[in-house]
Amino acid sequence: MTTTTEELAISATGLRKAFGDKTVLDGIDLAVPAGTIFSLLGPNGAGKTTAVKILSTLVTADAGELRVGGHDLATDAQAVRAAIGVTGQFSAVDGLITGEENMLLMADLHHLSKEEGRRTAAELLERFDLTEAAKKPASTYSGGMKRRLDLAMTLVGNPRIIFLDEPTTGLDPRSRHTMWQIIRELVTSGTTVFLTTQYLDEADQLADHIAVLNDGKLVAEGSADELKRLIPGGHVRLRFTHPNVYQSAAVALREATRDDGALALRIPSGGSQRELRAILDWVNAAGVEADELTVHTPDLDDVFFVLTGGHRHTQPVQRDRPMST
């Protein structure tokens, strides 16, 4: 489906930025449809945070046509600021005052009336499950509570577009999943989320579209499933209990790769429904009855390491999905 410029919450063409002799962003193009979660991945120093700072008007680009919320960054930065919210890597929460006072301070910054500010603060504190802690100093909050308060403060101005720069860094698994649910709810209500993260499972769980940034350039884009299909190594594994049955199956399926030690046969597959159906038809036609059939597909970690030149393992780590025959 083609997305028009009017339907894009964020668009960048030829975005460039250098600091001295170091080119951080080397002419990248981005297109983020409204009401979606877009995730920018990349190793440390790839330029993710710089991209967020530029698109949120905190840093000026060296070149590029940039629009956020329908406004040109070069000529209408103030309108862009009115349309966005930003939650950075480091919390903006003031630990010396209470959670409620942090919210009211943000309401003042957005020029809300006292009545509207108190109402907005109360609604957001309740939404983020912080009502009971609202009167306590923010310094007493757990890491997950501080990040929830940070995001609640970002929402005081009711932004249509939110930039989340590594929002769950340092959180425990339960707090991360709570943040994921909050982010999903934001998008359900029509908000656009631009997410950078160092957790690949986070992008896998949340993002509608992912772009991988390396050395200042975009090296791949697509959905999580589309990116996984870029990496070879997917296969269907047939495992047998009895050696005689295994030997018969190996003869019938001569094109399969043998693993005599494990009594298993491996058939290359990209994991699509059509390929799996064809493999099952082939196995059934050969009269092969495996004791276990497992689909192996590369995960997003494998994609990341291959595309960014990392070396995670000699062979890609596989994610197994058992499938009944």
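Among the numbered conditions (1) farther than 21 Å from residue 146 by Cα; (2) in the same structural domain as residue 129 (by TED's automatic domain parsing); (3) surrounded by fewer than 19 Cβ atoms within 10 Å (Cβ to Cβ), the only one that residue 229 does not meet is (2).
When you look at residue 111, is it on the phi > 0 side of the Ramachandran plot and assigned by TED's automatic domain parsing to the domain that holds residue 25, yes or no? First the steps, then the outcome.
Values: on the phi > 0 side of the Ramachandran plot: yes; assigned by TED's automatic domain parsing to the domain that holds residue 25: yes.
Yes, satisfied.
Here's the yes/no breakdown for (1) among the charged types (D, E, K, R); (2) touching a residue at least 24 places away in the same chain (Cβ under 8 Å); (3) surrounded by 14 or more Cβ atoms within 10 Å (Cβ to Cβ):
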| site | (1), (2), (3) |
| --- | --- |
| 241 | no, yes, no |
| 278 | no, no, no |
| 292 | yes, yes, yes |
| 297 | no, yes, yes |
| 308 | no, yes, yes |
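Yes or no: residue 227 under 29 Å from residue 29 (Cβ atoms) and either in a strand (DSSP E or B) or basic (Lys, Arg) (or both)? Considered against the rule, which asks whether it is under 29 Å from residue 29 (Cβ atoms) and either in a strand (DSSP E or B) or basic (Lys, Arg) (or both), residue 227 comes out as no.
So that you can scan it fast, the table gives a plain yes or no per residue for (1) closer than 21 Å to residue 221 by Cβ; (2) among the aliphatic types (A, V, I, L, M):
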site	(1), (2)
19	no, no
22	no, no
32	yes, yes
35	yes, no
59	no, yes
70	no, no
77	no, yes
93	no, yes
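With the structure loaded, tell me whether residue 108 is closer than 28 Å to residue 207 by Cβ and among the charged types (D, E, K, R) or whether it fails that test.
Details: closer than 28 Å to residue 207 by Cβ: no; among the charged types (D, E, K, R): yes.
Judged against the criteria, residue 108 is not a match.
Tell me whether the range 22-29 contains one or more residues that are farther than 22 Å from residue 190 by Cα and over 26 Å from the mean Cα position of the chain (by Cα).
Residues of the range 22-29 farther than 22 Å from residue 190 by Cα: 22-29.
Filter again for over 26 Å from the mean Cα position of the chain (by Cα), leaving 22.
Yes, the range 22-29 contains a residue that is farther than 22 Å from residue 190 by Cα and over 26 Å from the mean Cα position of the chain (by Cα).
Of the residues making up the range 99-142, just one is surrounded by fewer than 13 Cβ atoms within 10 Å (Cβ to Cβ) and either closer than 15 Å to residue 85 by Cβ or touching a His at 6+ places or on another chain (Cβ under 8 Å) (or both), namely 109. Those strands (runs of 3 or more DSSP E) of the range 252-325 in which at least 3 residues are under 30 Å from residue 211 (Cβ atoms) and modelled with pLDDT under 90, considering only elements entirely within it, cover 292-298, 318-323.
The values are calculated or read from the model by the stated rules, or taken from the named source; none is laboratory data. Predicted model only: the values in this text are computed from it and were never measured. Neighbour counts are summed over all protein chains in view; Cβ atoms, including those assigned to glycine, are modelled from backbone coordinates with ideal geometry.
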